[in-house]
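What follows is a short report on a single structure.
Read-outs throughout are calculated quantities, based only on the coordinates presented, and are distinct from any laboratory measurement. Note that the coordinates shown come from a computational prediction; the quantities given were computed from them, not determined experimentally. Ideal geometry is used to build each Cβ from the backbone, glycine not excepted, and the neighbour counts take in all protein chains shown.
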Amino acid sequence: MTIETLAPHPEGARYAVRPLSSSDYAHLRRLEAEIWSGDGAGELCPHYLRLCTELYGDWCFLALDGDRPVGYVLNFVKGTTAYCATLAVHPDYQKGRVNYLLIRAMVSKLLQEKVDECRFLVEPGNADARSVHNALGARVVAEVKDFYAPGDTRLWSAITRDDLERVRARYTRLKLVS
């Protein structure tokens, strides 16, 4: 996949999104600390991050502002189902173009590959994430109690191949994919 470069950021840097590589492990660790250290859920396991860079790099994407890593999306594939495990953006870049670019990179990959569905795991109260999933056509398919710990509830949402084809039509019309 090619790096997607956009118009200059107001401060002069350019955004780019690219697949992960082995050398991105340190970037993920730093972003984890900056994004999640104050969150009650805490940081992801460093072993998990290493697996992303080594085994799933072509399914995971890193967003940069110039040379500075500012966000990532981590995806896994099992059979014909892709799982969007985590989308995280540095607080200075949230609610902006970086979220959109990471989703676009992920959707472009889903459209290129032979996946029948993409699933998202989300907290029921995470309205921002759920609105992104809904915009892609996702529907809640299951509620899971005690997922990470007793009392932790998560929702599985899914977009199907038909949903992806509707996204393809919209992205093609907007010239976001060819």
For 140, 115, 70, what's the fewest-to-most ordering of other Cβ within 10 Å of each Cβ? 140, 115, 70
Volume per residue (Å³) of the convex hull spanned by the alpha carbons of the chain is 121
Of all GluC sites (Glu not before Pro) in the stretch 75-178, the ones in DSSP coil with at most 15 other Cβ atoms within 10 Å are 113
Which of the DSSP-defined H helices in the chain satisfy a minimum axial length of 20 Å, computed from C-alpha atoms, and a minimum mean Kyte-Doolittle hydropathy of -1.0? 97-112
List every residue whose amide H lies under 5 Å from the amide H of residue 141, counting only residues 5 or more places away in sequence or on a different chain, with H placed 1.01 Å from N in the peptide plane. 156, 157, 158
Sort the following peptides by mean Cβ neighbour count (other Cβ atoms within 10 Å, averaged over residues), highest first: 91-99, 56-64. 56-64, 91-99
If you rank 47, 133, 27 by fewest surrounding Cβ atoms within 10 Å, what's the result? 47, 27, 133
Cα centroid of the stretch 65-125 to Cα centroid of the stretch 150-175, whole Å: 11
Given Cβ charges of +1 for Lys and Arg and -1 for Asp and Glu, the option among 62, 81, 49 whose Cα lies farthest towards the positive end of the dipole of the chain is 81
Dividing the helical contributions, -39500 (n - 2.57) per DSSP H run of n ≥ 4, by the residues of the chain yields a 222 nm value, nearest 500 deg cm²/dmol, of -10500 deg cm²/dmol
Taking placed amide H atoms and a strict 5 Å upper bound, the residues 5 or more places from residue 77 or on another chain that come that close are 83
Using Cα positions and a limit of under 23 Å, work out the lysines in reach of residue 95, with same-chain residues fewer than 8 apart set aside. 109, 175
List the residues, sorted by chain then number, that are 5 or more residues from residue 14 or on another chain and whose placed amide H is less than 5 Å from its amide H. 9, 66
Ratio of Rg to Rh over the stretch 66-139 (Cα coordinates, Kirkwood Rh, two decimals): 0.96
